[in-house]
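A.B. asks: Structure provided below as structure tokens; questions to follow.
The values are calculated or read from the model by the stated rules, or taken from the named source; none is laboratory data. The model shown is predicted, which means the values in this text are computed figures rather than measured ones. For neighbour counting, all protein chains shown are included, and Cβ atoms are generated from backbone atoms with ideal geometry for every residue, glycine included.
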């Protein structure tokens, strides 16, 4: 009988080897589990990626089809795996079954990464796609190429007309991975913006300035209107004064610059000299572009030529001066003075008509441009809201999440502010051109006030303001356009909130009165804010004018009160402002109970 000599040392050695094998077995099992978990996570990420991801055999048979691809092409995964990728990507006749070669050829031969691949949605319409590729094998999967899309992912020169022998052998061929991004809407928005820019370039002058107000770009139309070269303006700060044509004094010019530097849009008149050193007048609308910290980094100015109108106004003034000189120097010849006066009056009337036509053309332009700019602005606001919602739902690092939310919030605030300016310009253009319509009906003025108060309740609470509506003992029903009166009430209450400190009162009261033997209602909105100087109580209702007590703090364009005045006058009423004895301002307006037929 054979015996084994097992010494204690040999036993201990064998036991240690057993323990080592057990430990290695556990490590291998753990590594296998982690590999399976990583593969599962990778599959989940790819399936739920924001880009469409499709894998297919070289002959075009679809193998996998993630959720984003389903949204792009309109097919479910179950529907598309029974089809071939030419159903999604229309291919030339020479492709036959080698779809992979066609897509590689498209990527390598395109002149620019911006050139999209044309796809076809299940409903039959075209989709524009940004495409990149990778190739999977038994050993690894290439998903993205770090060297960029201009490099062939297969490291070989592609001949689209050559036969690919390897693709004919499906058992040895590798699957192809394609990444698609739908850029249809992006291209459409780019086209719309290009069209708008083209229309703007034809209709007006455009100047772009940097943060130091130096000109960095200027369109050809503006140069043509002045008969000057683009190089005359590039790099200059005060291009109005370069040729001695600045009729605005240095103080007002500096005030305008400070106003824009605070992030406020500015609208007014500007004068330049053409190549013949003749004055050329424009209405100028300047808008600051703000960075993430709400600091202007660029300024865009749109200029409309109003020289004809200014010349007509000057001609009227000259005729009036001539007439005055004839009441002073030619009193001995009344007949001659009368004939001159009649001739001057006719010329003045013609000049007035010309000025009205020029003003009407300006109003039409503002209305059209405001309407056209609102369309892309609605798109910007909608996509900003969508981005905010998506950023709030994404699982991100807190710092990245806060940064994304701050970026989208800044875009949203600036977009809404610009949309408010466009709405005011559109209303003003309608009022000036006589296209503002009023739909009079019986409405309760007290209910309109209560409704506006409810609408502003959140902002009132935010500013800790006390909003009160005094009770009445009479009927507050009258004939009006409820929408227009609500707009007036909203503007006045918004101003009261904007210029009042925390803890102050805003009080609304209604009184039944008689004006010119007609029954009417007088409404007052009293605040305890910064107030308006006595000599500015009338001018604050002029277009583009703001009170000196408010314009440096809250921004704005000076259009709100002007629009309120136009709407109240459209109701055959009256609006004005008064100083309060205990500080602040009271805005009042009167509306007749019955409108004139």
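A.B. asks: Out of everything in the stretch 88-103 that is surrounded by 15 or more Cβ atoms within 10 Å (Cβ to Cβ) and under 38 Å from the mean Cα position of the chain (by Cα), what residue ends up being nearest to residue 133 (Cα to Cα)?
C.D. replies: Out of the qualifying residues, it is 103.
A.B. asks: Counting only residues that are under 19 Å from residue 580 (Cβ atoms) and either touching a residue at least 40 places away in the same chain (Cβ under 8 Å) or in the same structural domain as residue 586 (by TED's automatic domain parsing) (or both), give me the strands (runs of 3 or more DSSP E) lying completely in the stretch 439-550 with at least 3 of them.
C.D. replies: 466-469, 505-515, 518-527
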